[in-house]
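K.L.:
Just dropping this structure here.
No lab work stands behind these numbers, since they all come straight from the coordinates. Fair warning: this is a prediction, and the values are worked out from it, not measured in the lab. Cβ atoms come from the backbone with ideal geometry, glycine included; neighbour counts cover every protein chain shown.
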């Protein structure tokens, strides 16, 4: 599943081809996504001009300026979706469901084999949208720090890894990046969130920022389905310390990495380095 770095990489990749461009045509080949493509999708897009692309958590926000007013496309990539830049005349492949064509000849093409993603209108104030209203802070913003994690964790008995993956606490710390950040901070993922000190949460918040920033720079994590806006895979997987490496030696201490299940998700950690 594309996580925050993959979505941010996509935003940065497609933005130069879309921002300021007029939409001249829309082609919907498969409207039956997780949320059906709105019936008036093409009607509302054609003639609109694209504003500055934004991202909130794993949602892409594409502002549109039209004679009838302003609106925003809210795009979610689901489990296997990707947005790529093509050119007019490039033949679509299987599972290429939606094309948004610009006056410059570039095409924003949505590919989604499992069809778990969606594109929908965002009404009114974007941050009041029901899908975004209860999200926690962005991990790379100043609002997210060790004090925030410490204050939100008091009296919490849940293990720290699922606590960190809760989007109400912070967005974007998915399974891969939570595992890597906990390793960097030396924290056992099984520890109760409410029994971790402020000092250790400051280390964890710094690790979350570091691992996500590094993943964004390197283009996300190479998984089976993810590609960037230009079709290039991410390379952060080459730097993973624990995720997907159970049974292998720890890079730091040489001990065997162990796999457990927390919150119904697989988690790999080093029993020697993480306490």
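K.L.:
Report the gain in length on full extension from residue 133 to residue 265: 0.36 nm times residue separation, minus Cα-Cα distance, nm rounded to one decimal.
P.N.:
Answer, rounded to one decimal: 45.0 nm.
K.L.:
Also, I was wondering about something else. Expressed as an acute angle from 0 to 90° and rounded to the nearest 10, what is the orientation of the C-alpha long axis of helix 175-185 relative to the principal long axis of the chain?
P.N.:
Tilt relative to the chain: about 40 degrees.
K.L.:
Next question. What percent do you get for the relative contact order of the chain when only Cα pairs under 8 Å and 6+ apart count?
P.N.:
Averaging sequence separation for qualifying contacts and normalising by length gives 19 percent for the chain.
K.L.:
Another question about this same structure. Rounded to the nearest 0.05, what FRET efficiency is calculated for residue 147 and residue 239 with R0 set to 25 Å and r the Cβ-Cβ distance?
P.N.:
That pair, residue 147 with residue 239, gives E of 0.35.
K.L.:
Springs between alpha-carbon atoms under 10 Å, Gaussian network over the chain: tell me which of 102, 24, 261 tops the mean-square fluctuations.
P.N.:
261
K.L.:
Could you work out how far helix 198-217 tilts from the main Cα principal axis of the chain, as a 0 to 90 degree angle to the nearest 10?
P.N.:
So the inclination is approximately 40 degrees.
K.L.:
If R0 is 30 Å, what FRET efficiency do you get for residue 158 and residue 35 from their C-beta distance, rounded to 0.05?
P.N.:
Computed FRET efficiency for residue 158 and residue 35 comes out at 0.50.
K.L.:
Roughly what would the spin-label model give for residue 24 and residue 52, points 7 Å off Cα along C-beta, in nm?
P.N.:
Placing both labels 7 Å along Cα→Cβ, they lie 2.7 nm apart.
K.L.:
Given contacts defined as C-alpha pairs under 8 Å and at least six residues apart, what's the relative contact order of segment 4-128, whole-number percent?
P.N.:
Computed over segment 4-128, the figure is 30 percent.
K.L.:
From the helices alone, meaning DSSP H stretches of at least four residues, give me the mean residue ellipticity at 222 nm for the chain, per-run term -39500 (n - 2.57), in deg cm²/dmol to the nearest 500.
P.N.:
Value at 222 nm, helices only: -7000 deg cm²/dmol.
K.L.:
Tell me, what is the FRET efficiency for residue 123 and residue 256 to the nearest 0.05, using R0 = 41 angstrom and their Cβ-Cβ distance as r?
P.N.:
With a Förster radius of 41 Å, E is 0.20.
K.L.:
In whole percent, what relative contact order does segment 117-184 give with Cα contacts below 8 Å and a gap of six or more residues?
P.N.:
Across segment 117-184, relative contact order equals 31 percent.
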